[in-house]
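Peer 1: My structure is below; once you've seen it, I'll send some questions.
What follows is calculated from the coordinates using simple rules that are stated; it is not laboratory data. Quick caveat, the model's predicted, so the values are computed rather than measured. Cβ sites come from the backbone with ideal geometry, for glycine too, and all protein chains shown count toward neighbours.
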Amino acid sequence: MATKRVLCLAALLAFSAATVCPKYTCDATIESNICASYSQGNDFKLNSNGCQSGSYCSSIGTSAWAIGINNAGSTSGAATTYPCTAESTSSTTTSGSWDSMSCGTKLPNKNFKSGQTVISCINKNECVLSDDTTTDCVCVFKTDGTGICEANTNNDQVFTGYWNDCGTSSTLTDWDTAAYWIYYMMYWEFTQSTVACMSIFMETTMLSDLYDAYNGAATLVAGLLVLY
């Protein structure tokens with residue numbers, strides 16, 4: 001399930017490149033079975049109270065819905081609200097073992113040419129890397145209608161911790177560490193959202209849980225190093 005969500009997120013980031021993004025505000029008056037509603041122009045409201053018990057709000061789904069309306073310039077028959085999703089009552093059991101994950105070879109000159117780690121944008125021409133290539137300007141949950149320049153995974157200013165954890169062997173051997181960094185690198189642009197109610201989203205909660213597990217693993221390793 002987590003892998004599927006990561007793949008959906010990758011597709012959304014590629015799809016969401018736009019010159020004018022949706023603008024979001026948080027609203028506590030939206031019904032508890034609704035994640036977001038469309039107002040007018042490129043204005044959208046997020047349910048700051050989140051979804052009712054037994055359901056969740058997906059940032060991936062909400063963003064794709066809003067971008068679709070925004071790019072069309074109107075609802076064009078699309079729903080003016082995006083609903084909460086019922087939580088699944090089924091469970092999936094997986095088996096197998098996990099050994100390690102290769103980090104690959106870090107490519108040089110993939111930091112932003114400006115030296116910044118976070119760049120607001122309206123098109124990809126503002127997202128220039130040190131080697132003069134560009135990344136996409138992607139829409140996240142911001143209040144001003146601008147996007148965020150996508151960070152290349154080789155950007156060692158944005159993803160310093162990842163490359164430090166990969167170390168000289170360029171390998172991650174701890175599952176919690178690998179799971180956190182895979183998800184964080186896919187979701188990083190959304191972590192730069194400026195609305196105050198990002199905690200309503202299932203993906204935000206998932207990232208927080210993965211970080212707690214990762215931080216626990218890192219603390220354990222540090223403790224063992226002290227012992228030895």
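Peer 1: In nm, give the distance between the simple-model label positions of Trp98 and Thr205, each being 7 Å from the Cα along the Cα-to-Cβ direction.
Peer 2: So the two model labels end up 2.1 nm from each other.
Peer 1: Is the shape of the stretch 99-145 rounded, prolate or oblate, going by the alpha carbon gyration tensor and its root eigenvalues a ≥ b ≥ c, with a/c under 1.5 for rounded and a/b larger than b/c for prolate? Write out the running numbers ahead of the final one.
Peer 2: Numbers: a/c = 2.83, a/b = 1.53, b/c = 1.85.
Oblate, because a/c is 1.5 or more while a/b does not exceed b/c.
Peer 1: Between the stretch 24-41 and the stretch 142-163, what is the C-alpha centre distance in whole Å?
Peer 2: 27 Å
Peer 1: Let me ask something else about it. Just report the Cα centroid separation between the stretch 102-137 and the stretch 166-213, whole Å.
Peer 2: The stretch 102-137 and the stretch 166-213 have Cα centres spaced 20 Å from each other.
Peer 1: Across the stretch 24-182, what fraction of all alpha-carbon pairs, as a whole percent, falls in each successive 5 Å bin from zero upward?
Peer 2: The calculated distribution, bin by bin, is 1, 8, 13, 13, 12, 14, 14, 13, 9, 3, 0.
Peer 1: At 7 Å along Cα-to-Cβ for each site, give me the label-to-label distance between Thr143 and Thr171 in nm.
Peer 2: Once both label points are built, they end up 4.8 nm from each other.
Peer 1: What is the stretch 165-217 by shape, rounded, prolate or oblate, if you read a ≥ b ≥ c off the alpha carbon gyration tensor as root eigenvalues and call it rounded for a/c under 1.5, prolate for a/b larger than b/c, and oblate otherwise? Each step should come with its number before you reach the end.
Peer 2: On the way: a/c = 3.28, a/b = 1.99, b/c = 1.65.
Verdict is prolate for the stretch 165-217.
Peer 1: If r is the Cβ-Cβ distance from Thr89 to Asn49 and R0 is 25 Å, what FRET efficiency results, to the nearest 0.05?
Peer 2: On the way: r = 23 Å, r/R0 = 0.93.
Approximately 0.60, to the nearest 0.05.
Peer 1: When a/c is below 1.5 the answer is rounded, else prolate if a/b is larger than b/c, else oblate, so apply that to the stretch 118-196 with a ≥ b ≥ c taken from the square roots of the Cα gyration tensor eigenvalues. Intermediate results must be reported in sequence, preceding the final value.
Peer 2: Working: a/c = 3.35, a/b = 1.59, b/c = 2.10.
Oblate.
Peer 1: Subtracting the Cα-Cα distance from 0.36 nm times the residue separation, let me have the gained length for Asn164 to Thr81 in nm, one decimal.
Peer 2: Working: separation 83, 0.36 × 83 = 29.88 nm, distance 4.27 nm.
25.6 nm is the gain from fully extending Asn164 to Thr81.
Peer 1: Multiplying the sequence separation of Thr105 and Thr25 by 0.36 nm and subtracting their Cα-Cα distance, what value in nm do you get?
Peer 2: Using 0.36 nm per residue and subtracting the Cα-Cα distance, I get 24.8 nm.
Peer 1: Now for a separate question. Excluding residues fewer than 8 places away in the same chain, name every one of the lysines whose C-alpha is closer than 23 Å to that of Lys23.
Peer 2: Output for Lys23: Lys45, Lys124, Lys142.
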